[in-house]
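The values are calculated or read from the model by the stated rules, or taken from the named source; none is laboratory data. As the structure is a prediction and not an experimental result, all values here were calculated from the model. Cβ: placed from backbone, ideal geometry, glycine included. Neighbour counts: every protein chain shown. Side chains included, ligands, DNA and RNA excluded: accessible areas come from the protein's heavy atoms. Shrake-Rupley method; radii C 1.70, N 1.55, O 1.52, S 1.80 Å.
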Amino acid sequence: MSFVAIHRQELIDWDVAGRPLAGEPVSGDLHLVKCLDAGVLLAVVDGIGHGDEAIAAARKAVAILEASPGKSIVALVKQCHEALLKTRGVVMTLASLNALENTVTWLGVGNVEGRLLRPDERGTHSSESVLLRSGLVGYQLPELQTSVAPVAPGDLLIFATDGLRPGFAEDLNVNEAPGPLATRILSEHFKGTDDALVLVARYLGMHHE
């Protein structure tokens, strides 16, 4: 069984699609989209393995992120690491959109892919990827260093767990709405060997009167 959720927030349009491993009632791949004063925190968290222990670790991480969304990304990852030391652990990618500066600050620990796609007038796009650092939140934390990239209204952020094949961001119609796009990525790139989740967010920017 797969799931698709459709949401709209002031600064972004976003959707998520996911599917648990066959035989599992729920997925250990979770997401968070949390509004800030002038931005949005986005997170995709993948509990290691699948089943109850993976879900418990992922839920604990998401609860920490939701409780303190205004902290820096590095501080959030460190807080999750301390809380998950006695769990199976998670990999995660976090991104903080700043609508005042039109930037995204992001960081990945493990293998949750993050792509920033910038459409152009010709219908093509340039892309940029989050820097993924080897490690496991709750077990072995790497040196944490964020990167910052400019964003403009219309840009697309896509996050995908390792239950999806690596080519998920190729040959996309970047002008497609986030909902259909998330569904299409899941259906076309689901491996079937693990839980999977894809989060698609289109940056709308802040409207000034």
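Counting only protein chain heavy atoms and rolling a 1.4 Å probe, the accessible areas of Arg88, Arg202 rank, largest first, as Arg88, Arg202. Extension gain for Ala75-Asp52 works out to 5.6 nm (0.36 nm per residue, less the C-alpha to C-alpha distance).
For region 102-209, what D do you get in µm² per second when you plug the Kirkwood radius from alpha-carbon pairs into Stokes-Einstein at 4 °C and 1.567 mPa s?
87
Rounded to a whole number, what % of the accessible area of region 150-209 do carbon and sulfur atoms account for, probe 1.4 Å? Ligands and nucleic acids excluded, carbon and sulfur reach 51 percent. Counting only residues at least eight positions apart within a chain, or on another chain, the aspartates and glutamates with an alpha carbon under 13 Å from that of Lys71 are Asp37.
Diffusion of the chain by Stokes-Einstein, at 37 °C in a medium of 0.692 mPa s and with Rh set to the Kirkwood radius over alpha-carbon pairs, works out to 195 µm²/s. For region 165-206, the spread of Cα coordinates along the three principal axes comes to 40, 20, 16 Å, biggest extent given first. Computed in the context of the full set of protein chains, the accessible area of region 4-71 at 1.4 Å probe radius has 52% of its extent on carbon or sulfur.
Rolling a 1.4 Å probe across the protein heavy atoms gives the chain an accessible surface of 46 Å² per residue.
Among Ile158, Val91, Gln79, which residue has its Cα furthest toward the positive end of the charge dipole of region 57-182, with +1 on Lys/Arg Cβ and -1 on Asp/Glu Cβ? With unit charges placed on the Cβ atoms, the residue in question is Gln79. Computed from label points 7 Å out along Cα-Cβ, the spacing between Asn175 and Cys35 is 2.9 nm.
Full extension of the segment from Asp120 to Gln145, taken as 0.36 nm per residue of separation minus the current Cα-Cα distance, would add 6.0 nm. Computed 3J(HN,Hα) for region 59-76, one whole-Hz value per residue from the Karplus formula 6.51 cos²θ - 1.76 cosθ + 1.60 where θ = phi - 60°, is 5, 5, 5, 5, 4, 5, 4, 5, 6, 9, x, x, 6, 5, 4, 4, 4, 5, glycine and proline marked x. Around the amide H of Leu131, modelled in the peptide plane, lie the amide H atoms of Gly108, all under 5 Å away and 5 or more residues distant in sequence or on another chain.
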